[in-house]
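What follows is one structure encoded as structure tokens, with my remarks underneath.
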Amino acid sequence: MKRLWLVAAAVAVPIFLAVAMIGGQQTPESGGDAEAAQPDDLSQPIQFPHNTHAGQWLIDCQYCHFSAERSVDAGIPPVATCIGCHQVGIIDGRTNPEEINKVREYHDSGTPIPWRRIYKVSDHVNFPHFRHVAAGVECQTCHGEVQEMGVLEEVAPEAGNLKMGWCVSCHLERGASRDCTVCHY
Ligand code: HEC
Ligand code: HEC
Ligand code: HEC
Ligand code: HEC
Ligand code: HEC
């Protein structure tokens, strides 16, 4: 447990800083009304197509979500990862070039892209990606056929994905631990 805490802390600090920076930068221009309207808006700041990247171009999930095999969090790629391919003149985008321009604007201004989080368990739950990757559980088992999704959506939230029963029934099926303290801090 101690080691998981350390990993979690190491990952949490930069994320916290990034969030704090975005928060700090947004406060001046976004008034109370704009902020209150946001929770209803389920769109992402950039229309990122998983089907194009992971389906059509077969880019490996872990090329972008590169901490999945060694950390608690799978991680969202920094804008520098995008720019490697989307620098002017490399891959400009044939159907949605204006979305690629947004990527460049975030990069040039040094602003992290404020992606909206989709999958999230409560803070009292420990979900280590690396343990699942090591055990050979495929990303698609939990996140669905992501390589076919133009807009990424949470799989079966109404069926209780991310609820305790979902975790425990797979752990029972695959002989993984059902000890309360393994999943709860
Ligand atoms: C390994 C190369 C690679 C990386 C890394 C990459 N992309 Fe792409 N991206 C592509 C390719 C190839 C296309 C398809 C372009 C086309 O069909 O014109 C594409 C298309 C897109 C499109 C749609 C544009 C269109 O006209 O269809 C968007 C938006 C996009 N990428 C955003 C991103 C973002 C954001 C990141 C970083 C999280 C990223 N890309 C990382 C290769 C990459
Ligand atoms: C080119 C980079 C890239 C590749 C390749 C890629 N992703 Fe992503 N992924 C992203 C970005 C950027 C986001 C945030 C935007 C979004 O949610 O669409 C994201 C979001 C996600 C999320 C939701 C995260 C959250 O907020 O809860 C999941 C799950 C996910 N990806 C799984 C996958 C899987 C599975 C694959 C392989 C089939 C894959 N991704 C391939 C860049 C990538
Ligand atoms: C056993 C189920 C399971 C598997 C397998 C799985 N995930 Fe996840 N994923 C989750 C859960 C649960 C969360 C929410 C975790 C949290 O809130 O701490 C999540 C969150 C995420 C996120 C959000 C951001 C983050 O850093 O956690 C991304 C991105 C993601 N997963 C990508 C992937 C990719 C890519 C793979 C395959 C390499 C994968 N996941 C395999 C269950 C799974
Ligand atoms: C599709 C099957 C599946 C689902 C769904 C799943 N897990 Fe797992 N989980 C596994 C497997 C397999 C292992 C690896 C067991 C091993 O390494 O011996 C594992 C390992 C773990 C571990 C490490 C256990 C240990 O002994 O240290 C934790 C913690 C964990 N899972 C939490 C969760 C949580 C929380 C959820 C739900 C949000 C979840 N898992 C959903 C299959 C799953
Ligand atoms: C395999 C992982 C796992 C195991 C084992 C596990 N839990 Fe949970 N537990 C979860 C998840 C995931 C949630 C839902 C969190 C959320 O809603 O985001 C949860 C939620 C809860 C809640 C909050 C109430 C609720 O239903 O949301 C309590 C209390 C709880 N668990 C107690 C326990 C106890 C006691 C044990 C041991 C008998 C246990 N858990 C074992 C993963 C697990």
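Taking each residue as 0.36 nm, the span from T81 to M164 lengthens on full extension beyond its C-alpha to C-alpha distance by 26.5 nm. The Cα center of segment 55-105 and the Cα center of segment 146-174 differ in position by 24 Å.
Prolate is the label for segment 126-185, because a/c, from the alpha-carbon gyration tensor with a ≥ b ≥ c as root eigenvalues, is 1.5 or above and a/b exceeds b/c.
The calculated pair-distance distribution of segment 74-185 uses every alpha carbon pair, bins of 10 angstrom beginning at 0, and gives 11, 33, 28, 19, 9, 0 percent.
Each value in this text was obtained by applying a stated rule to the coordinates, not by laboratory testing. Just so we're clear, the structure is a prediction, and the values are computed from it rather than from any experiment.
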